[in-house]
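For reference, the structure discussed in these notes is given below.
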Amino acid sequence: MSTSKWIDLGLKYGGYMEMDKVLLRNSLDRLSTDEEKLAFVTPPASVVNAYFSELYQKKDSEAALDYFLDLSKALGNFNENPSFQQEGQVDYPSYRFIRLNLQGMSYGFIFKNEAGEAIAFPENSEMLAKEEVIIQLATLFPSYAVNMDEGKSNIELVPVKYYDEEPLNRKVLPQFPSSVIIYYKSYLVIESDRLEEIKKLSQIVGQDCDKVLQYSQEKLRVFLKS
């Protein structure tokens, strides 16, 4: 990649300004590999996290996620097996993740791919996902559905826009009056404002299904797909 394109990346994502162009050019010319140049134009983790937090607070979660996904696409910052220990390693020159405090525990958030699928991973790799952490993630990112598997360390998230079929039918069971089952061609959705009810119903209706949880507009939604 040409030096001018590296400079453009530095100006757009690295925190540099127009007045830094000469500095960028001279600094990049001294570096011999693309990995070194990528590491140089990648903004510090503190800058990425601060800007993500600012967008989240001043706009919304989607604006913050869009920023981080755009940055990840530009810098090739995707990872399917992330850990806190990879930060700063030579093999991961642009490795950046968003730090989260979930139920008092340290987690990271990173995208798996350009489609926006993501992973939340604990700093302590032996820590298994807990229900409270899954619910907090769903609350933080309402445009995402969070995998409900509590037997793993990493928690996978998928954009809710993946589930874009038109509903075919709705049903309310007498024993679960606060919940509604919505039928789609390739999946079911259980919607409720009561956590315990939606948990029981999802176990009955979708015992052998993959389950992901969304929280949006004060409603819990469990998507079930076999």
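The values are calculated or read from the model by the stated rules, or taken from the named source; none is laboratory data. Note that the structure is a prediction, hence the values are computed from the model and not measured. No Cβ is skipped: glycine too gets one built from the backbone with ideal geometry, and neighbour counts run over all protein chains shown.
On the given criteria, is GLU62 part of a loop (DSSP other than H, G, I, E, B), at pLDDT 95 or above and surrounded by fewer than 18 Cβ atoms within 10 Å (Cβ to Cβ)?
No; evaluated as a whole, the condition is false for this residue.
Checking ASP149 against (1) out of contact with any Pro (no Cβ under 9 Å at 6 or more places or on another chain); (2) farther than 25 Å from ARG221 by Cα, which single condition isn't satisfied?
Unmet condition: (2).
Residue check: is ILE182 farther than 24 Å from ASN79 by Cβ and in contact (Cβ under 8 Å) with a residue 60 or more places away in the chain?
Spelling it out, it is not the case that ILE182 is farther than 24 Å from ASN79 by Cβ and in contact (Cβ under 8 Å) with a residue 60 or more places away in the chain.
So which residues in the stretch 129-152 are assigned to a loop (DSSP other than H, G, I, E, B) and modelled with pLDDT of 95 or more, if there are any at all?
Selection gives PHE141, PRO142, SER143.
Given the residues VAL146, VAL189, VAL133, which is the only one that is in contact with a strand residue (DSSP E or B) (Cβ under 7 Å, 6 or more places away or on another chain), among the β-branched types (Val, Ile, Thr), within 30 Å of ASN81 (Cα to Cα) and not assigned by TED's automatic domain parsing to the domain that holds ASN77?
One residue alone meets the criteria, VAL189.
From the list GLN103, GLN86, pick out the single residue that is within 26 Å of GLU218 (Cα to Cα), polar (S, T, N, Q) and either at pLDDT below 95 or outside the structural domain of GLY10 (by TED's automatic domain parsing) (or both).
That would be GLN103, the only listed residue that is within 26 Å of GLU218 (Cα to Cα), polar (S, T, N, Q) and either at pLDDT below 95 or outside the structural domain of GLY10 (by TED's automatic domain parsing) (or both).
Does PRO167 satisfy the criteria of being without any contact (Cβ under 8 Å) to a residue 12 or more places away in the chain and assigned to a loop (DSSP other than H, G, I, E, B)?
For PRO167, the condition - without any contact (Cβ under 8 Å) to a residue 12 or more places away in the chain and assigned to a loop (DSSP other than H, G, I, E, B) - is not met.
Only one of LYS161, LYS200, LYS211 is within 23 Å of the chain's Cα centre (by Cα), among the basic types (Lys, Arg) and not in a strand (DSSP E or B); which? Talk me through it step by step, then tell me what you get.
Working: LYS200 fails: within 23 Å of the chain's Cα centre (by Cα); LYS211 fails: not in a strand (DSSP E or B).
Every option except LYS161 fails the conditions.
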